[in-house]
Amino acid sequence: MSGSERRTQKRRHLFYYLKVFDDLSGRLLGHLVDITPDGVMLIGSDPVRIGAEYRLRLVLPEGFGTRQDLVVAARSQWCRRDTNPDYWGIGLRLTEISQADRSLVETMIYKFGFAH
């Protein structure tokens with residue numbers, strides 16, 4: 001996706017700051033604050049290495065269908081101090097996502113997000 005495509009795609013900030021874990025280690029990477037079907041932004045207490053590959057496990061809100069979580073492959077694109085210096089902003093691009101999971105993300109955006 002080119003830079004101009006990324007800028008024109010609607011972004012969503014979630015009311016629910018959903019927890020996002022590294023599914024392999026179980027470590028909390030951060031809380032989801034921004035999402036598109038192609039990527040996520042987290043706020044976390046620890047930085048991540050740029051270019052690192054992850055299997056993200058997003059814990060879904062209670063009552064959100066029959067699933068409790070969503071697991072997708074992602075690669076960290078950027079990591080920088082948040083405006084609150086105790087936290088880090090982390091951008092990850094989803095690298096593997098099934099059509100069913102993409103639809104789930106779109107439903108999350110519709111139900112829990114608001115236009116940026």
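Numbers at a glance
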| item | result |
| --- | --- |
| Accessible heavy-atom area order of Asp86, Asp46, highest first, probe of 1.4 Å | Asp86, Asp46 |
| Residue-level accessible surface for Ser25, protein heavy atoms, 1.4 Å, Å² | 80 Å² |
| Pairwise label distance in nanometres, Trp78 with Glu53, each label 7 Å out on the Cα-Cβ vector | 2.4 nm |
| With all protein chains modelled, accessible area of Glu106 [1.4 Å, Å²] | 90 Å² |
| Order of exposure, largest accessible area first, which applies to Ile90, Ile50 with probe 1.4 Å | Ile50, Ile90 |
| Listed residues Lys19, Lys111 arranged by accessible area, highest first, probe 1.4 Å | Lys111, Lys19 |
| With every protein chain in place, the stretch 72-116: carbon and sulfur % of accessible area (1.4 Å) | 48 percent |
| Accessible area of Tyr54 in the full protein assembly, 1.4 Å probe (Å², nearest 10) | 30 Å² |
| Summed residue charge, Cβ within 9 Å of Val71's Cβ, Lys/Arg positive, Asp/Glu negative | -1 |
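The values are calculated or read from the model by the stated rules, or taken from the named source; none is laboratory data. Given the structure is predicted, the values throughout are model-derived calculations rather than measurements. Cβ sites come from the backbone with ideal geometry, for glycine too, and all protein chains shown count toward neighbours. Side chains are part of the model used for accessible areas, which takes the heavy atoms of the whole protein and leaves out ligands, DNA and RNA. Shrake-Rupley method; radii C 1.70, N 1.55, O 1.52, S 1.80 Å.
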